[in-house]
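The values are calculated or read from the model by the stated rules, or taken from the named source; none is laboratory data. Just so you know, these numbers come straight off a predicted model, no measurement behind them. A quick note on method: Cβ atoms are made from the backbone with ideal geometry, for glycine too, and the neighbour counts reach across all protein chains shown.
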Amino acid sequence: MKIQYSAWSTHSVWCPRLIFSAYSMLLRSIVLTQALLLCMGVTLLHAKEGERVTVNAGPDTKTSPLSSSNKAPAQTGQFDHASKTNVVMICIDDLNDWVGFLGGHPETKTPHIDALAAKGVAFTNAHCAVPVCSPSRISIISGLHATTHGSYELGPSYTSIKRLDHAPTIHATFRQAGYQTLSGGKVLHHGFKNRLSKDVDIVLHGRHGGPRPKEPMNWNPRVWDYGPFPETDDQMDDMKLAHAAAQYLQQPSEKPFFMSVGFFRPHVPMYVPPRWFSMFDRASLTLPPAPPEDMADIPANFQNMNQIAPDHQKVKQSGQWRGFVQAYLASTAFVDHCVGTVIDALARGPHADNTLVVLWSDHGFHLGEKQHWAKRTLWEESTRVPLIFAGRGIPEGQTCSEPVSLIDLYPTLVERCTLSSKLELDGISLSPQLENAQTPRKHPAIISSFEGNHAVRSKEWRYIRYRDGSEELYDHRNDQNEFRNLAGIADYESIQKKLAGFLPIDAAPEVKSEASREINNTELKNRRRSSGPVAR
Ligand SMILES: [Ca+2]
Ligand SMILES: [Ca+2]
């Protein structure tokens, strides 16, 4: 609990010390606690096994980028932990490279994320471990590759994967080191449940991605729906989470803290308030490049096994392509505002000087490129993610184009915060790149999707090998859209062979839960049932 004892230091002299000291301390703690709760509108309790603890949302905060020029004078909490580095980890769901600093869409509006990138080290060639929510996040939070833990799809939770029985979450590692751990929204796909509930001291806001309208607005099934809803930002769970995080960051803390803030947008269904839709003109916005002839040189197998998202032909025929793109841009602008709310609170609060911020998205997202929607592919649109480090110990204004993986986050944060390194992690610390962004990396990023399919992304190339042996090769020096598959062409044989040398050996077989089969079956049934656009 955050209490400013110094503000009350004169109160105790009113009481005869020997007689009333014990009573005074008790009274003080009650009064202070009540005053703090009343002032802050906070219900803050320590989490117990299986118990939900919440911090209610406070008033809105004016957003601005992390800046040393607009912060309040530094305060200190009860304990001096100036030598410790706090961590704020911002996790975004399904955000591709449509952020200003990555240049993925010419009209996207992400001023706060771009400002954060400018204040730190922005990684422009960062990739997920698996291009779908649950295994991507499990990989980040465990620091282990999918080919180690064996989760390649939705379904298995962290605690249901045997290989992770003795793999501490990054939250557990920080907590073990004396940090207070906080989490809110979507960080692990299944949340911190069962034995993981003790890894999080304070739940900032529940794992809610709402609200949703009663009836679909533009698309069936409603999981793929979009539209201007609800009326105001403060009705959005993401905004409530941002306020809760902001509120915590503006108070002194007793301990160093590790905070993870997981926003849902731009994940479908893409409902955000009308003001975000009105920022983008549906009729004139730029559609992503998606020439049908691009598919002529691509092996068929992966296209056939990846049938969960809406079909691009159906999207086009329904006349809703522009609507989806507008909704994605609107959702991205909205989540950027949420990020700004958190960063601004940090910048103006007492932790501005001793906090490291890391921002990532769990994977990318197709909006028609390669005739595809959503995720799960091994192409650039699906695997590339925004990744930013900023704050304490991070140089400003650097850009790193070396290939990195999100599984590198865990060892990086452990190293930057000088925690114990007795951990078996697959990732490689990004500290050399955080010292000098031009430092080369020896290893490419490895991405896996469904069992037995892998991509190798180096600084200049993408090589894909599917389970049936079929291959793709792209030269990013002159083909950022991955239009021309160079696999099998004699001139590229040596680079193809070199990249193939990085393919995982002895990859873990897929862990499947009953729930995962049900989820997949339900999604497929929904897809078959789908009537596509909502009839009007
Ligand atoms: Ca996701
Ligand atoms: Ca092509």
Complete set of residues in the range 125-169 that are within 28 Å of LYS255 (Cβ to Cβ) and within 14 Å of ligand 1 (Cβ to nearest atom): ARG137, ILE138, SER139, ILE140, ILE141
All helices (runs of 4 or more DSSP H) inside the range 295-368 with 1 or more residues being acidic (Asp, Glu), modelled with pLDDT under 95 and within 16 Å of ligand 2 (Cβ to nearest atom): none
Residue satisfying condition, being outside any helix (DSSP H, G or I), away from ligand 1 (no atom under 15 Å from the Cβ) and out of contact with any His (no Cβ under 6 Å at 6 or more places or on another chain), within set ALA172, ALA122, ALA115: ALA122
Of residues in the range 125-140 being hydrophobic (A, V, I, L, M, F, W, C) and assigned to a helix (DSSP H, G or I), the one surrounded by the fewest Cβ atoms within 10 Å (Cβ to Cβ): CYS133
Within the range 421-439, tally of residues that are part of a loop (DSSP other than H, G, I, E, B) and within 15 Å of VAL121 (Cβ to Cβ): 6
Selection count where residues are within 26 Å of the chain's Cα centre (by Cα), in a loop (DSSP other than H, G, I, E, B) and of a type in the set (D, E, K, R), scope the range 272-283: 0
Residue within the range 422-436 that is within 30 Å of ASP297 (Cβ to Cβ), touching a residue at least 24 places away in the same chain (Cβ under 8 Å) and surrounded by 18 or more Cβ atoms within 10 Å (Cβ to Cβ) present: no
Residue within the range 296-311 that is within 27 Å of GLN235 (Cβ to Cβ) and within 25 Å of the chain's Cα centre (by Cα) present: yes
Considering residues of the range 448-496 that are assigned to a loop (DSSP other than H, G, I, E, B) and of a type in the set (Gly, Ala, Ser) only, the residue farthest from ligand 2 (Cβ to nearest atom): GLY452
Unique residue being over 27 Å from the mean Cα position of the chain (by Cα), more than 16 Å from ligand 1 (Cβ to nearest atom) and modelled with pLDDT under 95 when the list is ASP491, ASP468: ASP468
Selected residue [among the charged types (D, E, K, R), closer than 18 Å to HIS363 by Cα and in contact (Cβ under 8 Å) with a residue 40 or more places away in the chain] from ARG457, ARG416: ARG457
Residue in the range 284-294 that is part of a helix (DSSP H, G or I), touching a helix residue (DSSP H, G or I) at 6+ places or on another chain (Cβ under 9 Å) and away from ligand 1 (no atom under 16 Å from the Cβ) present: yes
Long-range neighbours under 9 Å by Cβ, at least six apart or interchain, first residue in contact (Cβ under 8 Å) with a residue 40 or more places away in the chain within the range 118-142, second within 16 Å of ligand 2 (Cβ to nearest atom) and among the basic types (Lys, Arg): none
Residue among PRO230, PRO213 that is surrounded by fewer than 18 Cβ atoms within 10 Å (Cβ to Cβ) and touching a Phe, Trp or Tyr at 6+ places or on another chain (Cβ under 6 Å): PRO213
Filter result (assigned to a helix (DSSP H, G or I) and either surrounded by fewer than 22 Cβ atoms within 10 Å (Cβ to Cβ) or charged (D, E, K, R) (or both)) within the range 390-411: ASP408, PRO411
Residue count, the range 352-376 (criterion: β-branched (Val, Ile, Thr) and within 11 Å of the chain's Cα centre (by Cα)): 1
Residue within the range 505-526 that is closer than 30 Å to PRO288 by Cα and modelled with pLDDT of 70 or more present: no
Scope the range 271-285; condition surrounded by 13 or more Cβ atoms within 10 Å (Cβ to Cβ) and either more than 21 Å from TRP219 (Cα to Cα) or within 13 Å of ligand 2 (Cβ to nearest atom) (or both); matching residues: MET279
